[in-house]
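Asker: Attaching a single structure in structure tokens format; questions to follow.
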Amino acid sequence: SSLQGFFWAAGGPPAGFAMGASVHATGLQRPPAAAFVSAVGNRRTQLGVLPGNGLQEHILAASVLGLSARAGAVPSGGIPLSAVTRAALAAAIAAAVRRPLRRGRIACASTASQEALLKDAPPLESDLDVDYTALRDLLAAQDFRAADAETRRLLIVLGGEAALKRGWVFFAEVRKIPVTDMSTIDGLWKHFSKGKFGYSAQRPIWRKCREQFDKFAEQVSWFTDKWQNRNWPDEFIYDLDAPVGHLPLTNCIRGAQVLQELMSHPAFEKKKGASSSKKTGAASLLALGSASRSSASRDRSAFAGDSRGKASGRFGLSAVAAATAEAEVATAAPTEASGPTLKELQEHNVINEAGFVLPIVPDDCKASAFIVFDANHKAQYLGFSKDLRNTLRTLLCRRPEHCYHYKCAHLPVADTESLVALRNKWIEELGTPPPGNKEPRQKALWESPVDAGAMNERAYKTVAEQKAKQVLRQLKDRNLKEPMEFKADLIEQGKVDVLPSELSVEDLVEQVEALKGRTRSCEREINGKQVKFEIFYMAEFDTGKGGWWFDVELSADKTKSTHRIIVGKDFCETVGAEPKEVVESAFAILLARKVPRKTEGLITSEVFPVNYFTATNVAVQFPEFLALFKEKKDEFNWNSAQWNFRQVHDYAQDDKRTIPAGPNGGYFDPAGLQ
């Protein structure tokens, strides 16, 4: 049997002793069967241990093995145990034996009650051939402290080889633990604590606390006050007087992600019967009437596709959540599938060429069915919407790494049968529901605001604002041009979700056209090589001395970079070119010369200041730049063309002024650069 239990009862494994999954894993060899039985009998008589008591039998067997170790037992690798290890092992055994017998620190159930509990215990099932006997016996003896340690060990074993090497389980490894094994662990805890302990006992509390760790820790008494934690392991409560959900413990020193993964594990998802799906699935799809209000109350937030926030004109998140969850097990009589197949539908980019989320929706459309695809064109999520633009905006901000393309079908009538039939038709075509509809954790990520991961209320706002900026950077790297604003009330709660856009289609088209005028595709031949790139003029304004200051975004070689370039009026007159022609020619030279697109720290004279430079800098360092304008370096009038700065305006990037722009008209708002 496992030595883990009595070591933890003794306050932890002895120093220098590596704990393993079993006696064999510790390196101790069992004595021959007859000698072992005889030793156990002698030791039982010596200690006065009652037969049948699971905990004391564990300690008894361990002590016999310990005596064998002190006698010079040989580990499985063939190397004798060191004197230090034998001494530490002996001390641990002595402490483990003394503690339950002398101080009564470990509660032991009676033999009769143990037998009754063991008789009705859940089966020890495992998809990975893991032995749960030790956990069962420790729980039957109500040695919850040792059982908690054994549970921690089992999670590491189930986490795989990497978890075993590092000695703790990573949150991503929790997801891979089979449902069967997680159900066995939870079932044993639930059975032997009469429903008081276990992950399934903790999950409702976690959900009730809105997945906020500090509130959850207070509810289950891991914290005695706001962020006043108990000292592990002695200050925790290891008996049935503990609050509901107090055990098993989960280490959250590295963050609450392991706990979050445990609470969202598929083993603890409620299974809905086919009959209930038949009854509720259809009504949930449209979220109309009382059914929609009921399901809406269960969801954590309104679907951002509802830009007006009214239940009567649009789908809510509850509708999409209910549809995707319940229809997965729906067995309602199928209707004849109408509508196009996925193969017949055209795939669109979520962010179009102009940098906007702007799906084309017919005027007579009452509802849209859509599927979102990732960058590799694999289906990730299937849903319905009455405001497709805002729905896609919301999903883009929640899952930017998986939301790249989409296909959609627009229905003139938003009836349940048509939507269900089309959905089933697409799933059949795919062969399986997309991960965002099939896997509970993925589904929650698509249908809930982003949790920024703050550990306490004081950090909610700061961490959520940082997460929002991270999302914006990701989308900017993907050429998103339209503004995204986030819900202030959710930011205060440590969550991130985009506000619905109130812009009309006409306003959006106008903005798209304006942006197209500020984006130029360029192609130049430099030293016999074709250089292709795209420049987006983010801002431009007069420098105050007959020159222009341009802030640009350069797209080339599947990479974006931002730069500031100053073009003097005298330079333009000398080379006989327009300011933007000078800008584009300068970047053609820099790309042809493969100049790094970004510089950091101190810049020496050998490094071109690509972040912030003048056209004259390019002319001085790269002679071929002047050749583009049929100018020769030795004949160039450097005195008249050299730009020099004369400060007329305060160029501080505040939001209190606008500065007249350059020759292309318009005004530049410095706040737009922040």
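A short reminder: the numbers here are calculations on the coordinates, not readings from a lab. From a predicted model like this one, the values you see are computed outputs, not experimental measurements. Ideal geometry is used to build each Cβ from the backbone, glycine not excepted, and the neighbour counts take in all protein chains shown.
Asker: Considering region 109-243, what Rg and Dmax in Å follow from its alpha-carbon atoms?
Answerer: Cα-based Rg and Dmax for region 109-243 come out at 15.4, 42 Å.
Asker: Determine the principal axes of the Cα atoms in region 173-216, then give the extent along each, sorted from largest to smallest and rounded to whole angstroms.
Answerer: 28, 28, 12
Asker: While we're looking at this one, here's another question. Please identify every one of the trypsin sites (Lys or Arg not before Pro) in region 186-254 that sits in a loop by DSSP and has no more than 10 other beta carbons within 10 Å of its own beta carbon.
Answerer: Answer in residue order: Lys194, Arg254.
Asker: Can you list residues from other chains, or at least 5 along the same chain, whose modelled amide H is less than 5 Å from the amide H of Met538?
Answerer: Under 5 Å from the amide H of Met538: Asp551, Val552, Glu553.
Asker: In percent, what relative contact order does region 511-561 have, based on Cα pairs under 8 Å that are 6 or more apart in sequence?
Answerer: Over region 511-561, the number comes to 26 percent.
Asker: Moving on. I need to check one value: relative contact order of region 381-461, counting alpha carbon pairs closer than 8 Å and at least 6 residues apart, in percent.
Answerer: Worked out over region 381-461, it gives 37 percent.
Asker: Residues with amide H under 5 Å of Tyr612's amide H, sequence separation 5 or more or different chain, H placed in the peptide plane at 1.01 Å from N; which?
Answerer: Here the answer is Arg564, since their amide H atoms fall under 5 Å of that of Tyr612.
Asker: Three principal axis extents, largest first, for the C-alpha atoms of region 403-447, in Å?
Answerer: 32, 20, 19
Asker: Once Rh for region 489-550 is found with the Kirkwood sum over Cα pairs, what is the Stokes-Einstein diffusion coefficient at 37 °C and 0.692 mPa s, in µm²/s?
Answerer: 203 µm²/s
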